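Colleague: Encoded as structure tokens, here's the structure I'll be asking about.
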């Protein structure tokens, strides 16, 4: 969540930044009013406890009417504290609930706008494929026996798929391809749990605002994660890292689950938007002064990974209205899909500054021995399903088979699929 001290010290600046994300001045003023109320209750409580302590000491030395007066005063103070403490707790809970729904402050460089149409193109990579009458991944995958959508719908419903034969080997090849390129860059490979407690989802800001997208297992008080960002961030929840160990980088492979609420009728063909998918995710804990450079590093790694697969795409700067709650700035890599005839998002990289770390209580001890909040960043290395879509459509051949990019030859043991 945002730093309440920054809001308190410079409300106009913070309100102006939040207005770029659709937060009204009335919402900001409501938070400020609760903060004033909370601090007043804390100050009164501290004063009363000090008075209670002082008068309790004086009782021992008093006698007669003076002693009874002091006893009555202590009772009065105790009664007021009994009223005050629940009020303070309620105010703090209300303030916490309001702050939890306030998004991160956007970076000055993030473009204004509401949705993907307002994204700003920063760069392009790879060569645009030149294919006469391109087929999409569904037609290609079903013809080669790589994808089975009807049987998946029979077993699990809409937005599920079976990967079959070489598509399975292609998934494993992509995962190893990503891991092998990330490890020399200092990323520790991780297979995290995909069931987490509420604290980890709250800490990464997927709760409370994103609850409609999450599969909840109420009986066990656990949630299926929509990205391994959640358990990777939770690795250092309530911990203090050493300054000399930063940055700490992880590459996590996991299956991910999303309800895709609100997307009825959108991307219903094929396996572009599904409820279950696999992904290699990059996650970094770093010093605040290093996070902008780390963000660019994640973006450049994404471009390198996609370019290495012979894919063509572009990097876009996501507008403030389309940022996730925790992101201060976000880059997407959109790859050209010949079967759709347009660019589609394959990866994203977000700088969450200290927003998640404040909720996770993830800190580090700096060179002066002071505890400071880390900055956290996340970025997709390989979104397996969407990357398979891109490979099938980009590298399709006139004979219906698929050329395997050279970077995957050693992993897949083949130069052609089909």
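Colleague: Restricting everything to alpha-carbon atoms, can you work out Rg to Rh for the range 4-100 with a Kirkwood hydrodynamic radius? Don't jump to the answer; show the numbers that get you there.
Modeller: Values: Rg = 19.7 Å, Rh = 15.8 Å.
Answer for the range 4-100: 1.24.
Colleague: Also: Output the 0 to 90 degree angle, nearest 10, between the alpha-carbon long axis of helix 64-100 and the longest principal axis computed from the alpha carbons of the chain.
Modeller: So the inclination is approximately 10 degrees.
Colleague: Treating the angle as unsigned and between 0 and 90°, give the value, to the nearest 10°, between the Cα long axis of helix 166-182 and the longest Cα principal axis of the chain.
Modeller: Helix 166-182 sits at roughly 50 degrees to that axis.
Colleague: Another question, if that's okay. Given bins 5 angstrom wide, list per bin the percent of all Cα-Cα distances in the range 288-396, short to long.
Modeller: The percentages, shortest bin first, are 2, 12, 20, 19, 15, 12, 8, 5, 3, 2, 1, 0.
Colleague: Work out how much length residue 72 to residue 154 would gain on full extension: take 0.36 nm times their residue separation and subtract the Cα-Cα distance, in nm to one decimal.
Modeller: 22.0 nm
Colleague: Would you mind ranking 155, 77, 280 by Cβ crowding within 10 Å, fewest neighbours first? Kindly include the intermediate steps, with their values, before the conclusion.
Modeller: Values: 155 10, 77 20, 280 26.
Ranking 155, 77, 280 by Cβ neighbours within 10 Å, fewest first, gives 155, 77, 280.
Colleague: How far is helix 291-307 tilted off the main Cα axis of the chain, in degrees rounded to 10, range 0 to 90?
Modeller: The answer is roughly 20 degrees.
Colleague: Here's a follow-up. At a Förster distance of 41 Å, what's the computed FRET efficiency of residue 89 paired with residue 169, Cβ-Cβ distance as r, to 0.05?
Modeller: 0.15
Colleague: Using the count of nearby Cβ atoms within 10 Å as a rough guide to exposure, how do 32, 323, 195 rank from fewest to most?
Modeller: 195, 32, 323
Colleague: R0 = 51 Å: FRET efficiency of residue 197 with residue 53, Cβ-based, nearest 0.05?
Modeller: Step by step, r from the Cβ atoms, then E = 0.85.
Colleague: Here is a follow-up. 222 nm [θ] for the chain, helices only, -39500 (n - 2.57) per DSSP H run of 4+, per residue, to 500?
Modeller: For the chain, the value works out to -13000 deg cm²/dmol.
Colleague: Restricting to the chain, compute how many DSSP beta bridges are antiparallel as a %, nearest 5.
Modeller: Antiparallel bridges make up about 90 percent of those DSSP assigns within the chain.
Colleague: Which of these, 249, 329, 38, has the largest mean-square fluctuation under a Gaussian network model of the chain (Cα springs below 10 Å)?
Modeller: Maximum fluctuation in the GNM of the chain, among the listed residues, is at 38.
Colleague: Note down the relative contact order for the chain as a percent, whole number, built from C-alpha pairs under 8 angstrom at least six residues apart.
Modeller: Rounded, it is 20 percent for the chain.
Colleague: Grab every C-alpha pair in the range 153-294, bin the distances at 5 angstrom width from 0 up to the longest one, and report whole percents.
Modeller: Once binned at 5 Å, the Cα pair distances of the range 153-294 give 2, 9, 15, 18, 18, 16, 12, 6, 3, 1, 0.
Colleague: Compute the distance from the alpha-carbon center of the range 279-355 to that of the range 121-150, in whole Å.
Modeller: 21 Å
Colleague: Specify which labelled value, from (1) -0.25, -0.88, -1.20; (2) -0.33, -0.88, -1.15; (3) -0.23, -0.77, -1.06, agrees with log10 I(q)/I(0) by the Debye sum over Cα atoms at q = 0.06, 0.11, 0.13 Å⁻¹ derived from the coordinates of the model shown.
Modeller: (2)
Here, each number is a calculation from the coordinates, and none is a lab measurement. As the structure is a prediction and not an experimental result, all values here were calculated from the model. Note that we place each Cβ from the backbone using ideal geometry, even for glycine, and neighbour counts take in every protein chain shown.
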